[in-house]
Each structure stands twice: as C-alpha cells, then as structure tokens.
Amino acid sequence: MKRKRILFTGGGTAGHVIVNLALIPVFQEKGWEIDYIGSKNGIEKDLVQQLEGVTYHAVSTGKLRRYMSKENLKDPFKVLKGTMQSCNIIRKRKPSVIFSKGGFVSVPVMIASKLLRVPAVIHESDYTPGLANKIAIPFSRKVLATFEETLRYLPEKKAEYVGAVIRKELFSGEKAKGLAFAGLEGKRPVLLVMGGSGGSEKINSAIREGLDRLLETYEIIHICGKGKMAPEFDCPGYRQFEYVQDELKDIFAATDYVLSRAGSNAIFEFLALRIPMLLVPLGLNASRGDQIVNAKSFAEKRYARVLDEDQLTTETLAEELEQLKEYGPIMVDQMRQTNASDSLQKVVSIIENTSK
Ligand SMILES: CC(=O)N[C@H]1[C@@H](OP(=O)(O)OP(=O)(O)OC[C@H]2O[C@@H](n3ccc(=O)[nH]c3=O)[C@H](O)[C@@H]2O)O[C@H](CO)[C@@H](O)[C@@H]1O
C-alpha cells in the first residue's frame, strides 16, 4: 500500500518550527513520509535538516516587514518565485495534506496548496493571529489555535481550539542531568533566563548588569541567543548557552523559576511543566504586540507575572524576581489545574481527517 505523505512548513524563528518538531515523530511512527518546505537560511533549516527521514526543500521567501525598506519592493517577486518552487515540490512529492506553522516562509506554500488543491491545516500559537497566517487563512481548510480566546479572531467555520502542542520529550527531563550539563551545583534555586529562541539583548543586559546581586540568591542558566554570548561574565553559578536542543528538557527539569520573553510556545511549555514565570514581552516597537497579549492572558490566569520591557532595569528585575518567589506556589497551584496532554493527539487526528 502506498504510504501517506505530509508536508510541513513554517519558519523564521523557532516558534514557527517547534510545533512541527512535536508532530513529525508522531507521523513517522504512523508510517507517513515527511517533507518540509522552509527557507534557505532560516533556523528551520538547522532544526529540520538534522532529522532523519525528513526531506527538506528550500524555497525563496519574502519577509513581512512592518517598516519601510527598498527590500519590500522585491518581496512580491520572491513570494511569487517561492510559490512556483512550492508548486513544483508539491507536484513531485504529492502530499496528502499540508501543515503550516506560520512565519513568512509558509505564505508561498499555502498559496501553492490552494492552487494545487491539497488540503492545508494552519496552526496559530499566539493569542492574536500573525500576519503570515492572516494572509494564509483563505487558502486553508482548518485553522487551529493554542489560545481559546484566539477563536474570536478566526473564521468560525475553519477555526478550532486545540491548546498547546508540546514536544513529548520535554516531560522526560532529569534535574541532575540539567545541573550537570550547566555545570551547576543546585545549592540555590535555579533561575532560567530565556529571551525567546533568538535571545533578547535587553534581557541579557539586565541580567548581566545585576549578576553579582542575583547570584547571591540564584544559580543562573542563561540562554542568550545566537551571537549574544558574553564570555567576560563567566563565573561560578552562571552558565550561558546560545541555543539548546536535546538538553533543554533536562534544563527545564532543573529550573525553579524562569525569566522569559512571552513567545507562545515557550510560555505554554513552562505552564505544562509548572514553572513559575516572570515574562518580559517583546514591545510594540519591535513586534505587532502579540507577546504583550500572550503575557497579559497568562497574568490574568495567574500563571505568570509580567514586567513591561520599558520598565526593565536591574532594580525592577530584582524586585519582580522576589515577587516571583513569593507568588510561585500560588502560580503552581493555578497551573496544576490545566491539562495540555491531549493537544498533540487532537492535532494529529484533525490533520489525518483533513488529508486526501
Ligand atoms: C521575535 C519574534 O518574532 N518572536 C515570536 C516568535 O518567538 P520565538 O521564536 O521565541 O517563539 P516561542 O517562544 O513561541 O518558542 C520558542 C521555542 O524554541 C524553543 N527553544 C528556545 C531556546 C532554546 O535554546 N531551545 C529551544 O528549543 C522553546 O522551548 C520554544 O519551544 O514566535 C512566537 C510564536 O509565534 C511569537 O509569540 C513571538 O512573538
């Protein structure tokens, strides 16, 4: 019997790849063939190309900029080229279904899916839909949302709330391995600092400026982002990484508190693992404000505390971390009332039912 084939797309930042990484092993176990369309140089290429049994195809992509640039004039042509390349790949590989996690690389793939009548499912993990997904929704059969509140921004007939899709392996981390990997003793509570998949210069600076004081209370694991390490700050109890893959589960298991950006995938992972979080959402000057609403929703449900980026100083950070310690047990109680465990299965069933 001919094996079914699924084509994934999504990229730009890890937030647009991670859900695909959670789904790929499930479809592999089911015996499906897997293709992935991403960009030539995006993080999706690094994360997906190393997976066994997944064929990665790179296409030309535009970039959905929110500012004026000469490059904006070239983008429609890049999207057109990407659409033609995607059409060729789809014609050759003949997927039964396409799953898109958004990001600008997904736009040409979604247009191609419509042109060639391959059913496509979109996933939106932020509270408000991203620009790429907004463009792609008319080309899709189904739009799945992590936040229940997102449904009000989506077409009723296509939208479905599924919750957060979380990589299974994140639930099997080991604290001792996490501490050993980071070279920490675990004598003081471990604070994980994670400025999103690309790191955050603002959070990095605030942590490093207040490092001596923070190290009196915490041991710190700092995921700073590619090219954002600062070896001159290396000292006992403080460990920096650019980006962590396989060992992330162990780092999470060793974490008592987290200071983070408010990207949807990351905050739902902390929620699922019951880690009290202080969130510093990316501001309106650098984004459409999706993290601000993600964070607000978490604060309202008492899963998180929020510190606005423009209020972030070493002093406010130290104060807020004190509050995080105090309110941590309440947050954990609130988080224990949630259950994200069946989201992955739900999404898999929807994709299977949508496929040709
Ligand atoms: C600057 C930007 O555009 N940010 C967006 C991007 O964030 P970003 O790419 O940071 O996305 P998320 O925080 O949602 O997800 C990051 C993912 O990367 C993983 N991870 C991170 C660091 C690491 O070392 N190893 C690792 O595996 C996290 O565990 C998480 O699963 O997508 C999110 C989801 O659409 C949006 O909410 C953010 O606004």
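Every number here is computed from the coordinates shown, using simple stated rules; none is lab data. Fair warning: this is a prediction, and the values are worked out from it, not measured in the lab. Here the Cβ is made from the backbone with ideal geometry for all residues, glycine too, and neighbour counts use every protein chain on show.
One quarter of the convex hull surface, Cα atoms only: what value does that give for the stretch 56-128 in nm²? If you can, show how the numbers build up before the last one.
On the way: hull surface 22.0 nm².
If you wrap the Cα atoms of the stretch 56-128 in a convex hull and average its projections, you get 5.5 nm².
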### Task
Calculate for the chain the 222 nm mean residue ellipticity that helices alone would give, adding -39,500 (n - 2.57) per DSSP H run of length 4 or more and normalising by residue count, nearest 500 deg cm²/dmol.
-12500 deg cm²/dmol
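If you rank 70, 30 by fewest surrounding Cβ atoms within 10 Å, what's the result?
The fewest-first ordering by Cβ neighbours comes to 70, 30.
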### Query
Which chymotrypsin sites (Phe, Trp or Tyr not before Pro) does the stretch 273-331 hold that lie in a coil by DSSP with at most 16 other beta carbons within 10 Å?
none
### Task
Would you mind ranking 181, 147, 77 so that the residue whose beta carbon has the fewest other beta carbons within 10 Å leads the list?
77, 181, 147
#### Entry: Hypothetical label at residue 205: residues of the stretch 306-329 whose amide nitrogen lies under 12 Å (7 Å Cα-Cβ projection)
310, 312-314
### Task
Would you please name the trypsin sites (Lys or Arg not before Pro) within the stretch 92-161 that are DSSP coil residues with at most 10 other C-beta atoms within 10 Å of their C-beta?
117, 157
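Would you list the membrane-span-like helices of the chain, meaning whole DSSP H runs whose alpha-carbon atoms span at least 15 Å along their axis and whose mean Kyte-Doolittle value is at least 1.0? Provide the component values of the computation, followed by the final result.
Values: long enough: 18-29 (18 Å, 1.46); 71-93 (32 Å, -0.77); 290-300 (16 Å, -0.33); 314-336 (31 Å, -0.67); 343-354 (17 Å, 0.38).
Length and hydropathy pass: 18-29.
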### Task
For residue 284 and residue 345, compute 0.36 nm times the residue count separating them, minus their Cα-Cα distance, and round to one decimal in nm.
18.5 nm
### Query
What GluC sites (Glu not before Pro) in the stretch 22-131 are in a loop by DSSP, with at most 11 other Cβ atoms within 10 Å of the Cβ?
52
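Which percent of the Cα-Cα distances in the stretch 26-89 go past 13 Å?
Details: 1366 of 2016 pairs.
Of all Cα-Cα distances in the stretch 26-89, 68 percent exceed 13 Å.
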### Query
Along the Cα-to-Cβ line of residue 274, 7 Å from the Cα, sits a label point; which residues in the stretch 313-328 have backbone N less than 15 Å from it?
328
### Query
Rounded, prolate or oblate: which one fits the stretch 171-336, using the alpha carbon gyration tensor with axes a ≥ b ≥ c (rounded when a/c is under 1.5, else prolate when a/b beats b/c, else oblate)?
rounded
### Query
Along the stretch 143-153, what does the Karplus equation 6.51 cos²θ - 1.76 cosθ + 1.60 (θ = phi - 60°) give for ³J(HN,Hα), rounded to whole Hz, x for Gly and Pro?
10, 9, 10, 7, 8, 4, 5, 5, 4, 5, 9
### Query
How high is the relative contact order of the stretch 171-336, in percent, counting Cα pairs under 8 Å that sit 6 or more residues apart?
24
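When 57, 123, 16 are ordered from fewest to most other Cβ atoms inside 10 Å of their Cβ, what list results? Before the final figure, lay out each step's value.
Working: 57 18, 123 25, 16 30.
If I rank by nearby Cβ atoms, fewest first, I get 57, 123, 16.
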#### Entry: Between the stretch 246-300 and the stretch 39-106, the alpha-carbon center distance in angstrom
27
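Rg/Rh for the chain to two decimals, with Rh computed the Kirkwood way over all alpha-carbon pairs. Mind showing how you got there, number by number?
Values: Rg = 20.4 Å, Rh = 21.0 Å.
My calculation puts Rg/Rh at 0.97.
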